[in-house]
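Here the structure is laid out as structure tokens; the discussion comes afterwards.
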Protein chains: 2
Amino acid sequence: MTAIKYDLVKKEKNTKARLGVLHTPHGDIETPVFMPVGTQATVKAMTPEELKEIGANIILSNTYHLYLRPGHELIKKAGGLHKFMNWDRAILTDSGGFQVFSLGPLRKITEEGVEFRSHIDGSKHFLTPEKVIEIENALGADIIMSFDECAPYPADYGYVKNSMELTLRWARRGKDAHKNTERQALFGIVQGGTYDDLRKECANRLVDMDFPGYSIGGLSVGEEKQLMYHVVDLTTDFLPQDKPRYLMGVGSPGDLIEGVIRGVDMFDCVLPTRIARNGTVLTSTGRLIVRDAPHAEEFIPLDSECDCYTCKNFSRAYIRHLFKANEILAARLATIHNLRFLTRLMEGIREAIKQDKLLEFKSQFYKKYGYKEE
Amino acid sequence: MTAIKYDLVKKEKNTKARLGVLHTPHGDIETPVFMPVGTQATVKAMTPEELKEIGANIILSNTYHLYLRPGHELIKKAGGLHKFMNWDRAILTDSGGFQVFSLGPLRKITEEGVEFRSHIDGSKHFLTPEKVIEIENALGADIIMSFDECAPYPADYGYVKNSMELTLRWARRGKDAHKNTERQALFGIVQGGTYDDLRKECANRLVDMDFPGYSIGGLSVGEEKQLMYHVVDLTTDFLPQDKPRYLMGVGSPGDLIEGVIRGVDMFDCVLPTRIARNGTVLTSTGRLIVRDAPHAEEFIPLDSECDCYTCKNFSRAYIRHLFKANEILAARLATIHNLRFLTRLMEGIREAIKQDKLLEFKSQFYKKYGYKEE
């Protein structure tokens, strides 16, 4: 008995897009889905109720950050991450792999695991595939990730191959260490950089280990968009139809559409929340830097087509004022809007899959929004 | 026809406390009332809906800040402050007097008005009593304040007397300039420092001018609490029973109770919102610095007696984590709680007035909360 179950509802006629339902211990999720990122046990600036209002059924939280602060033991004492942050819908935790490898000179990789220094206080830590599972078990997310090495881009074939082999050994160790399989589903992560044969091999060998879901990692790390789409397209060909596929850390509007077309079911990205806090919003006609002067006297919503709380109640002029005055409400209103924009986009994508009109949806979206490599 | 009407519902038997209803163009307000401060057209970290949920029927906003940014002309174009910030209940604007005088060497006072430099960009401005009314008319708050000089403390008798005379001349000029009397009620501000005869004279001469309400200004600026209470007590004796009295900038829990006992109906203070953002909350057993280490593993609400959203849904441990991690939600949750704490305190005070038990209420409150000069 696994913690989650993926029902493939429908395949789109003209693309590899899939409509599905992901059943988790904390509710069902229609896929394809975008997961807002709650790095430190909170989606920045949002309450759980606001997340529900924008239509979020699953969020992501970061193991690396929670391990360092407040610590997984404390969250376990609180009754787990759901209870700690008062979120009763599904949660996915990453493995910390990407964060730890992003530390650069502050970390050292061995067969056993990774030694690194905390970005908060410089303290020394050692994470192994087993330790990461122990932490993720303590946090108690519905979906958890294997510890992986996220190779840099560009990297030569030999490096990426060794890194992939290490990731595969770590996936096995993590799977063996995972005890709470009935409440938490452990995903394997496909690595292999931008090398087709490595991606294929990694996918096949992970599928042989039989995980309840598969992630595609190591992308959106500097490579060209078309190369990323190619790797995604290739990788999903080797993943089973009856398991969910998650493209890690990807989430611009264009990337979501292109990812779905290539058979991806789940996405996460800090983009909508991060740019919101800096005064940039996503609208049906493209990005808008609402904090800029041209919007000072625009008494219209951020996006006239949007149904979010922000667009129903406040003008660009007011939101721009809040940004100029460094008011917390600015970040709140822009975050609500950007997350709602992406959940509405995913609703539109799912509807288009139902009608076998995803390519029309895409061309109409790009025509209005503009396709930008962002 | 004036914009507001004050109905005195009941006088408490043992004190000068008054139960009343203040009718405004944007709804009725039960008094005594605490008004949350929304300096820059937003109560920091809060939405209008959240303010309603904590029971706020009137908020204060600052003319000085809005004049400088985004400018009263822009807010007028937006349809006024209510519409600009999407708040359909009552608003009171101060006159900017206190803010301008707080600028110290950056301002110069003459009979005509005050020249000062903006704290934002150093630009030069000149405010007169007439200009302030023009600005407040553009903002469109239900209750507006005369431009006054807020004398420093301590200040010698001669200075304070001259300052009071200037404030009286400016009150007259403001009253003559005020055009929108049917939608906006202009209050006179009693000054006079800590000199009994000056307070009495200022009150009497303002009452002769017949304002729809009276403010007590220039207090809580460094004087001893007992001296402040004495001045309030003395001043309210010279104010009419059929008009509301507003004690400006005062709002610690103890000050609210002591002010009500001395006949005050309205209060405002940045204290609850400001300390909230710094990680300090008001509870039935006193102040709590929730960001401090002792609360790291307390899986209980900020205040077990509180009915606010924060206390119903989140633990001290979680809120402490949010503060340590510099998360926006920390400020939000603490602000909601502190404002609800004060609106609940005012509800308790009003109930105690009804029952003629305000002094018992006070002693019970102090016994639990502790009386602190804060």
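The values are calculated or read from the model by the stated rules, or taken from the named source; none is laboratory data. All of these numbers come straight from a predicted model, not from anything done at the bench. Counting neighbours? That spans all protein chains shown, and the Cβs are built from the backbone with ideal geometry, glycine included. Accessible surface is based on the protein model in full, side chains and every heavy atom, while ligands, DNA and RNA are left aside. Shrake-Rupley method; radii C 1.70, N 1.55, O 1.52, S 1.80 Å.
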Region A:46-84: which residues show an accessible-area loss of 10 Å² or more, assembly versus chain alone, 1.4 Å probe?
A:MET46, A:THR47, A:PRO48, A:GLU49, A:ARG69, A:PRO70, A:LEU74, A:LYS77, A:ALA78, A:PHE84
Which semi-axes, in whole Å and largest first, does the equivalent ellipsoid of chain A have when worked out from the alpha carbon gyration tensor as the square roots of 5 times its eigenvalues?
32, 24, 20
When only the heavy atoms of the protein chains count and the probe is 1.4 Å, how do B:TYR195, A:TYR318, A:TYR309 rank by accessible area, highest first?
B:TYR195, A:TYR309, A:TYR318
Sorted largest first, the Cα spans of region A:30-156 on the principal axes come out in Å as 43, 35, 24
Amide H proximity to A:ASP148 below 5 Å, modelled H, separation 5+ or other chain, gives A:GLY97
Given the whole protein assembly as supplied and a 1.4 Å probe, what does the accessible area of B:HIS230 come to in Å², nearest 10?
80 Å²
At 0.692 mPa s and 37 °C, Stokes diffusion of the protein assembly as shown via Kirkwood alpha-carbon radius, µm² per second
115 µm²/s
Quick one: Cα centre-to-centre distance for region B:157-171 and region A:99-129, in angstrom?
67 Å
Residues with amide H under 5 Å of B:VAL33's amide H, sequence separation 5 or more or different chain, H placed in the peptide plane at 1.01 Å from N; which?
B:MET266, B:PHE267
For the protein assembly as shown, with every protein chain kept in place, what is the accessible area per residue (1.4 Å probe, Å²)?
36 Å²
Cα-based helix-to-principal-axis angle, B:225-236 vs chain B, degrees rounded to 10
50 degrees
Approximate spin-label separation A:GLU224-B:ALA293, in nm, with each point projected 7 Å along Cα-to-Cβ:
5.5 nm
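Once the cut-off is 20 Å, how many percent of the Cα-Cα pairs in region A:276-369 end up in the long-distance tail?
Distances greater than 20 Å cover 36 percent of the Cα pairs.
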Too long at a 25 Å Cα-Cα cut-off: which of B:LYS131/B:LYS200; A:LYS13/A:LYS243; A:LYS16/A:LYS243; B:LYS10/B:LYS83?
B:LYS131/B:LYS200; B:LYS10/B:LYS83
Whole-number percent relative contact order across region A:92-158, with pairs defined as alpha carbons under 8 Å at least 6 apart:
40 percent
Loop trypsin sites (Lys or Arg not before Pro), region B:279-374 (other Cβ atoms within 10 Å of the site Cβ: 12 or fewer; DSSP):
B:LYS372
What is the spin-label model distance, in nm, from B:GLU112 to A:LYS76 if the labels are put 7 Å beyond Cα along the C-beta direction?
7.4 nm
Just the number, please: percent antiparallel of the DSSP beta bridges in region A:202-310, rounded to the nearest 5.
45 percent
In whole percent, the fraction of accessible protein surface over region B:5-268 that belongs to carbon or sulfur atoms, probe radius 1.4 Å, stands at 49 percent
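Identify the GluC sites (Glu not before Pro) of region B:9-111 meeting these criteria: DSSP loop state and at most 12 other C-beta atoms within 10 Å of the C-beta.
Answer in residue order: B:GLU111.
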Once the Cα atoms of helix A:358-369 and of chain A are each reduced to a long axis, what angle between those two axes, in degrees from 0 to 90 to the nearest 10, is obtained?
50 degrees
Between B:GLY188 and residues 5 or more places away or on another chain, which pairs have amide H atoms under 5 Å apart, with H built 1.01 Å from N, and which residues are they?
B:GLY213, B:SER215
Describe numerically, in nm with one decimal, the distance between label points set 7 Å from Cα along Cα→Cβ at B:LEU359 and at A:SER363.
8.5 nm
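Can you give me the relative contact order of chain B as a percent, contacts being Cα pairs under 8 Å and 6 or more apart?
Numbers: 743 pairs, mean separation 68.2, N = 374.
So the answer I get is 18 percent.
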Ascending list, in nanometres, of distances separating the A:ILE300 label from those of the other copies (7 Å, Cα toward Cβ):
5.5
Considering only B:CYS202, B:PHE267, B:MET85, whose Cα is most displaced toward the positive end of the charge dipole of region B:5-268, charges sitting on Cβ of Lys, Arg (+1) and Asp, Glu (-1)?
B:MET85
Residue-averaged [θ]222 nm for chain A, counting only DSSP H segments that reach four residues, each worth -39500 (n - 2.57):
-12500 deg cm²/dmol
For the protein assembly as shown, give the share of DSSP beta bridges that are antiparallel, in percent and rounded to the nearest 5; count only bridges with both residues there.
50 percent
Can you give me the angle between helix B:129-139 and the longest principal axis of chain B, using Cα atoms only, in degrees from 0 to 90, rounded to the nearest 10?
50 degrees
Kindly work out what percent of the DSSP beta bridges joining two residues of region A:5-268 are antiparallel, to the nearest 5.
45 percent
Restraint check, A:LYS44/A:LYS179; B:LYS11/B:LYS175; A:LYS76/A:LYS175; A:LYS312/A:LYS368, Cα-Cα greater than 25 Å
A:LYS44/A:LYS179; B:LYS11/B:LYS175
